[in-house]
Amino acid sequence: GAVVSQHPSRVICKSGTSVKIECRSLDFQATTMFWYRQFPKQSLMLMATSNEGSKATYEQGVEKDKFLINHASLTLSTLTVASAHPEDSSFYICSGTSGRYNEQFFGPGTRLTVL
Amino acid sequence: AQSVAQPEDQVNVAEGNPLTVKCTYSVSGNPYLFWYVQYPNRGLQFLLKYITGDNLVKGSYGFEAEFNKSQTSFHLKKPSALVSDSALYFCAVRDIASGTYKYIFGTGTRLKVLA
């Protein structure tokens, strides 16, 4: 299967800091990328879908001014958590896909802790 | 609306015994079904998928799943469980109706294999 990486794998920051998480497709061109949030012992919650070169489509209840998504190239999408607060602490997972696949390929996740 | 149900929050099985993790789905058309496994603080690892073809799908690490259209089920099975199989398992269906690659995830089932 295709490979997706995320960086960083873990970040600890102070409240009010903005944090950027990168998601890269290493061996394929991801025309579509997804960003998920996962709370402890819970399922994945889709935050947004991004298509390369277009604005992201956010799920209901997700603040687009808080969670800024940029999909500037076919191999890179970024999620910026603006002015992070402790309630933003979570595990963030990205995935990518393209028209040649029937499935999504998931990154290893980023653990964000806001103090 | 399309949906996925994993009726068991946790499944306990003795090492060496067969295991089953249940999944049922509701979709308007032909389903694309997936199983993923997640270890602590890690992303999702692909196990297997059903798109079309044989109802019995074989996947990674000795897992298999049977697509049952009449029962709208896609249960994950393994003939002989290992302690290392202990993890969180997610069933997902691709939301074809949305015209996107979006997944609908089940709530997850924690598998505990006892030595």
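Laboratory data are not the source of any read-out in this text; all were calculated from the coordinates shown. Here the structure is a predicted model, which is why all the values come from computation and not from measurement. Positions of Cβ are backbone-derived with ideal geometry, glycine not excepted, and every protein chain shown enters the neighbour counts.
Here r is the Cβ-Cβ distance between A:Lys55 and B:Arg110 and R0 is 35 Å; the resulting FRET efficiency, rounded to 0.05, is 0.40. Here the calculated FRET efficiency for A:Ser15 and A:Lys64, from their Cβ-Cβ distance with R0 = 22 Å, stands at 0.60, rounded to the nearest 0.05. Net charge of the neighbourhood of B:Asn55, taken over other residues with C-beta under 10 Å away and scored Lys/Arg +1, Asp/Glu -1, is -1.
Couplings 3J(HN,Hα) for region A:57-69, derived from phi with the Karplus relation 6.51 cos²θ - 1.76 cosθ + 1.60 (θ = phi - 60°), are 9, 9, 6, 4, x, 8, 7, 6, 7, 8, 10, 8, 10 Hz, where x marks Gly and Pro. Computed 3J(HN,Hα) for region A:105-113, one whole-Hz value per residue from the Karplus formula 6.51 cos²θ - 1.76 cosθ + 1.60 where θ = phi - 60°, is 10, 9, x, x, x, 10, 8, 9, 10, glycine and proline marked x. Legend note: in the protein assembly as shown, cysteines whose Cβ sits 4.7 Å or more from every other cysteine Cβ are A:Cys13. Here the convex hull built on the C-alpha positions of region B:4-53 has a volume of 122 cubic angstrom per residue. In nm, to one decimal, how far is the B:Tyr61 label point from the B:Asp9 one, both placed 7 Å along Cα→Cβ? The two pseudo-label positions are separated by 2.2 nm.
Inter-part distance, region A:54-115 to region B:52-115, computed on C-alpha centroids, equals 25 Å. Calculate log10 I(q)/I(0) of region A:6-115 for q = 0.14, 0.20, 0.23 Å⁻¹, where I(q) comes from the Debye formula with a single equal point scatterer on each Cα and nothing for solvent. Calculated log10 I(q)/I(0) at the listed q: -0.50, -1.02, -1.33. In straight-distance terms, cross-link reach from A:Lys64 covers every one of the lysines whose alpha-carbon lies under 16 Å from its own, apart from those fewer than eight places away in the same chain; here that gives A:Lys20, A:Lys55. Entry note: the protein assembly as shown has Rg to Rh equal to 0.97, where both radii use alpha-carbon atoms and Rh is the Kirkwood radius.
Relative to the 2.2 N^0.38 Å rule of thumb, region A:1-40 has a C-alpha radius of gyration ratio of 1.43. A cut-off under 9 angstrom between Cβ atoms defines the neighbours of B:Gly108, and their net charge, with Lys, Arg +1 and Asp, Glu -1, is +1.
Working value for chain B: equivalent-ellipsoid semi-axes of 24, 15, 12 Å, each the square root of 5 times a Cα gyration tensor eigenvalue, largest first. Only lysines eight or more places from B:Lys22 in sequence, or on another chain, were considered; those with a Cα closer than 21 Å are A:Lys41, B:Lys49, B:Lys58, B:Lys69, B:Lys77, B:Lys78, B:Lys112.
The charge dipole of region A:42-115, taken about the Cα centre with unit charges on the Cβ atoms of Lys, Arg (+1) and Asp, Glu (-1), comes to about 160 debye, rounded to the nearest 20.
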